[in-house]
Amino acid sequence: MSPAQRDEGAAEGGLDRAAAILGAFDAAHRELTLAALVARCGLPRSTTHRTADKMIRLGWLDKPAGRYRIGNRLFEIASLAPIRLQLREAVLPFLQDLHHATKITVQLGVLDGAQILVVEKITGHRAMPILAQVGGTIPAYCSALGRAILAYCEADVIDAALAGDLPARTPRTLTSPVAIMRELTAVPERGWAVDREEGNIGVSCVAAPIFGPLGEVAAALSVTGPSQLVRADRIGPAVRMAAAAASRAYSLRR
């Protein structure tokens, strides 16, 4: 093996280790001790400690009070991603308007495989801790955000999202691909998707798609809150109008 090949292999190995460490963090594990980090990333303790120290020097991690957490440098880099610079900035004013009108949590999400990545969220004074945080994910098959997007996707994308196990998160969760497809086919006609307590008992959601300049579905926005407040017949039109306005604004930025 040449020196160049050894250097390349070492670099790839270092990136794999850093990725494993970063992957140990999620919405439920924002700060980790060294022992917890080792357990979650699956690397040897010495390797974890050595790699994490280097990531601290790079600003990828911080370690206040003996616990590791994601560093500010990664936040700065993430803010440069198109999903933040273009989509979020274009849609945020309409999320704010929708939240002002409904006084209920609003969210912006994009499809990531079989999951919805929450890009933005506004809760105001009616916070709902059970919902995914910004940067967190929720299953596409049982969420209004997911259905609002999948309803306009190609068949292979839908098949991938509905492949494999579709566990029931509540007694109301639709777990049959046939039943979910029935929900998807209803979305274009009425203009919004619905999740009736399928992710959390007592919580319902209404979402509508956001389209890009070529007419492709790019994201979805939603209103999520207590079922007695989130009535699709009342909130659906407002969500649809906000998504349509957001689509126009997003298309102009592209």
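Return the single residue from 53, 62, 165 with maximal mean-square fluctuation; model: Gaussian network over the chain, springs between Cα atoms under 10 Å.
The residue that fluctuates most here is 165.
What's the angle, to the nearest 10 degrees (0 to 90), between helix 232-253's Cα axis and the longest principal axis of the chain?
60 degrees
Rounded, prolate or oblate: pick one for the range 3-77, where a ≥ b ≥ c are the square roots of the eigenvalues of its C-alpha gyration tensor, a/c under 1.5 means rounded, and failing that, prolate if a/b is larger than b/c, else oblate.
Judged from the Cα gyration tensor, the range 3-77 comes out prolate (a/c at least 1.5, a/b above b/c).
Given a 10 angstrom Cα cut-off, can you work out which residue in 106, 203, 194 is the most mobile in a GNM of the chain?
203
Work out from phi, with θ = phi - 60° and the Karplus expression 6.51 cos²θ - 1.76 cosθ + 1.60, the ³J(HN,Hα) of each residue of the range 99-112, listed in order in whole Hz, and give x for Gly and Pro.
Working through the residues one at a time gives 5, 4, 6, 9, 6, 10, 4, 10, 9, 10, x, 10, 7, 10 Hz.
Projecting each Cα onto the charge dipole of the chain (Lys/Arg +1, Asp/Glu -1 at the beta carbon, about the Cα centre), which of 55, 219, 171 comes out farthest on the positive side?
The residue sitting most towards the positive pole is 55.
Would you work out the charge dipole size for the chain about its Cα centre, treating the Cβ of every Lys and Arg as +1 and the Cβ of every Asp and Glu as -1, and quote it to the nearest 20 debye?
Once rounded to the nearest 20, the dipole reads 820 debye.
Over the chain, what is the mean sequence separation of C-alpha contacts under 8 Å (at least six apart), divided by residue count, expressed as relative contact order in percent? Numbers along the way, then the final one.
Numbers: 429 pairs, mean separation 38.9, N = 254.
About 15 percent, as a whole number.
In terms of Cα to Cα distance under 21 Å, which lysines are near enough to residue 121, apart from those fewer than 8 places away along the same chain?
Here the lysines satisfying the reach criterion relative to residue 121 are 103.
Using Cα pairs under 8 angstrom and six or more residues apart, how large is the relative contact order of the range 33-77, in percent?
Relative contact order here is 30 percent.
How do 142, 153 line up, fewest other C-beta atoms within 10 Å first? Kindly include the intermediate steps, with their values, before the conclusion.
Numbers: 142 22, 153 18.
Going from least to most buried by this count: 153, 142.
Counting alpha carbon pairs within less than 8 Å and at least 6 residues apart, what relative contact order, in whole percent, applies to the range 106-254? Before the final figure, lay out each step's value.
Details: 293 pairs, mean separation 33.7, N = 149.
Across the range 106-254, relative contact order equals 23 percent.
Using a 10 angstrom cutoff on alpha carbons, build the Gaussian network for the chain and name the most mobile of 176, 222, 46.
The residue with the greatest mean-square fluctuation here is 46.
How long are the three semi-axes of the equivalent ellipsoid for the chain, computed from the Cα gyration tensor as the root of 5 times each eigenvalue, in whole Å, largest first? The partial results should precede the final answer.
Numbers: eigenvalues 263, 79, 77 Å².
Largest first, the chain gives 36, 20, 20 Å.
If the chain between residue 45 and residue 175 were fully stretched, how many nm would it gain, using 0.36 nm times the residue separation less the Cα-Cα distance? If you can, show how the numbers build up before the last one.
Details: separation 130, 0.36 × 130 = 46.80 nm, distance 4.02 nm.
Once the chain is fully extended between residue 45 and residue 175, it gains 42.8 nm.
Give me 120, 89 ranked fewest to most by other Cβ atoms within 10 Å of their Cβ, as a rough exposure proxy. If you can, show how the numbers build up before the last one.
Numbers: 120 20, 89 13.
With the sparsest Cβ surroundings first, the list reads 89, 120.
In deg cm²/dmol, rounded to 500, what helix-only [θ] at 222 nm does the chain give when every DSSP H run of at least 4 residues adds -39500 (n - 2.57) and the total is split over its residues? Display every interim value, and only then the final one.
Numbers: 9 runs with 114 residues, N = 254.
That calculation yields -14000 deg cm²/dmol at 222 nm.
For residue 54 and residue 189 in one chain, what is 0.36 nm times their gap in residues minus the Cα-Cα distance, to one decimal in nm?
Values: separation 135, 0.36 × 135 = 48.60 nm, distance 5.34 nm.
Full extension of this stretch gives 43.3 nm more.
Taken together, the values in this text are just the output of simple stated rules run on the coordinates, not laboratory data. All values reported here derive from a predicted model rather than from experimental measurement. When we count neighbours, we look across all protein chains shown, and the Cβ atoms used for this are built from the backbone with ideal geometry, even at glycine.
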